[in-house]
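These notes are about the structure you will find just below.
FYI, it's all coordinate maths here, none of it is from the lab. Keep in mind the model is a prediction, meaning the values are calculated, not measured. Backbone-built Cβ (ideal geometry, glycine too); neighbour counts: all protein chains shown.
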Amino acid sequence: MNNRIRYVLVAVSTILVFYIVIGGLLGRADTSNEKAYRDLGVYQEVLDRIKIDYVTDPDLRKVTDGAIRGLLEALDPYSTYFTPSEYRDYVQHPQSGAADVGMFVSKRGGFATVVSLLPGSPAEKAGIKPGDLLDRIENVSARDLSVIQIERMLAGPPGSTLAMTVVKEARGEPQKVSILRGTLNYPPVVAKLADEQTAYLRVATFHKGAAADVSAKLKELTGKGADKVVLDLRNCAGGDVQEAVRTASLFLHQGLVAYVSGQRFPRKDLAVEASGDVSKLPLAVLINQSTAGPAELVAAAVVENKRGEAVGTRSFGMGVYQQLIPVEDGSALLLSVAKYYGPDGKSIQDNGVVPSVVQAESADTANLDEDTEPTAPEHFGEKGDQQFQKAIEILKSKSTTIAKAA
C-alpha cells in the first residue's frame with residue numbers, strides 16, 4: 001500500500017470515528033445517522049478530488065486534522081481536537097507551564113480576542129488591553145488555534161519569553177510584542193468605603209477563596225457604616241464556578257444562581273448555598289464587555305432573583321461545560337457538552353448578561369453592545385467612573401424610596 005492510499009484511509013477513518021463519537025454523544029436518530037453517513041460520503045469525495053487534482057501531492061492527514069478542527073470551531077470557540085501527540089501532552093501536562101502572562105482569551109468570528117487581563121500581570125504591564133486581537137503566537141496564526149491551544153501556548157516556564165503579534169483596538173497593523181511569563185498572583189478583593197456610606201468591592205477573578213474574601217471585606221465595610229453595596233465585576237473573567245455560587249449566596253437567601261444543561265447532559269441546578277451571613281443592603285453589580293465566565297453567573301443571579309441592579313453594558317458571554325473524549329486512534333475531542341444558563345433560562349454563552357440599567361463607561365449614550373475601550377482598572381471606583389456613579393445614584397434613589405415608604 002503506497003503512502004497516498006494509506007493517508008486517504010487514515011483520513012477517512014479519522015472522520016468516520018469522529019462521526020461515530022459525535023453521533024453517540026448526541027443520540028442521533030436513524031435518519032440523522034443516515035444523513036451523517038451521506039455527509040461522510042461528501043467528505044470522502046472532496047478528499048479524493050484533493051488527492052487526484054490538487055497542484056501538489058497533499059498531506060491528507062494534515063488536511064483532515066484541519067477539517068476536524070474547523071468543524072469543532074464552527075460549534076463554538078472552546079471545542080477542540082487533539083492529535084494523538086497533542087492528547088498525550090495534554091494528559092501528561094494538564095498545565096502546560098508553571099508561569100503565564102495573565103490574559104483571558106476567547107474567539108469571536110475566528111479572531112482571538114483578549115477578553116480581560118489579570119491586574120498586575122505580565123500582559124497588562126506589556127500594554128495589552130481588553131479588546132486587542134492576537135494575530136500570531138510564537139509565529140503561529142491565532143486563527144488556526146482553538147482557545148484551549150492558545151491558552152496552552154500562553155503558559156510556559158517562569159522567565160521564558162512569549163512572542164506575539166497583536167492588533168491594537170481592532171485596527172491598524174499587527175505589532176510585535178514580547179512578554180516575560182511570570183508566576184501569577186491573584187489580587188485580593190479591592191474594598192473601600194465610597195462617599196462615606198457605599199461599600200465598594202471589586203473582584204478581578206473568581207479564584208479559590210474569592211467568596212470568603214468578599215465576605216470578610218463586606219463585613220468590615222458594613223461595620224464602618226456602609227448602607228449599600230456596589231459589587232464591581234467589570235473586567236472580571238475566569239475562575240471557579242463554585243466561588244461564583246458562594247459569592248451570589250452572600251446576597252441571596254434562596255433561589256437559583258444558575259444551572260447547567262445539554263442535549264445529553266442532565267440539568268444540574270446551582271442553588272443558593274444556605275448561609276447565616278446574607279447581606280440585605282441595597283445592591284448594584286457593575287458589568288461590561290470584559291465580564292466573562294463565573295462573574296456572569298453572579299450578575300445574572302442578582303438581576304433575575306430581583307435582588308439588585310446590574311449596571312453597565314452587556315457582558316461577554318462565556319459559559320460552556322466541557323468533557324474530554326478519547327478517540328480510538330489515540331486522538332481526543334475536548335467537546336462542549338452543556339451550557340450555563342441564568343435563572344431566566346437564557347444561555348450565558350449565547351446572550352451574555354443584559355444589564356438592567358444600561359450605562360456607558362463614558363458620559364455618552366450607551367447601547368447594549370457598547371464597543372468602547374474599557375476604563376483602565378486604576379480608574380474603577382473613582383469619581384470619573386460613570387458606571388460607578390450611576391450605580392450610587394440608583395442605590396441612593398432606592399434608599400430614599402424605602403425611607404419614605406417606612
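Just a few scattered comments:
- Cβ crowding within 10 Å averaged over residues, with 379-385, 96-102, 262-268, 152-158 ranked highest first: 96-102, 152-158, 379-385, 262-268
- Sequence-separation-based contact order of the stretch 91-180, relative, with Cα cut under 8 Å and 6+ spacing, percent: 31 percent
- The alpha carbon radius of gyration of the stretch 32-73, expressed as a multiple of 2.2 N^0.38 Å, is 1.28.
- Among 247-256, 54-63, sorting by the average number of other beta carbon atoms lying within 10 angstrom of each residue, highest first, gives 247-256, 54-63.
- Only the Cβ atoms of Lys and Arg (+1) and of Asp and Glu (-1) were treated as charged; on that basis the dipole of the stretch 91-180 about its Cα centre amounts to roughly 140 debye.
- On the basis of the beta-carbon distance and an R0 of 56 Å, Ala274 and Val55 show a calculated FRET efficiency of 0.25.
- Each label point was placed 7 Å from the Cα along the Cα-to-Cβ direction; for Ile325 and Glu151 their separation is 1.9 nm.
- Averaging the sequence gap over all C-alpha pairs within less than 8 Å and six or more residues apart, then dividing by the number of residues, gives the stretch 182-271 a relative contact order of 26 percent.
- Cα centroid separation, the stretch 36-82 to the stretch 142-200 (Å): 33 Å
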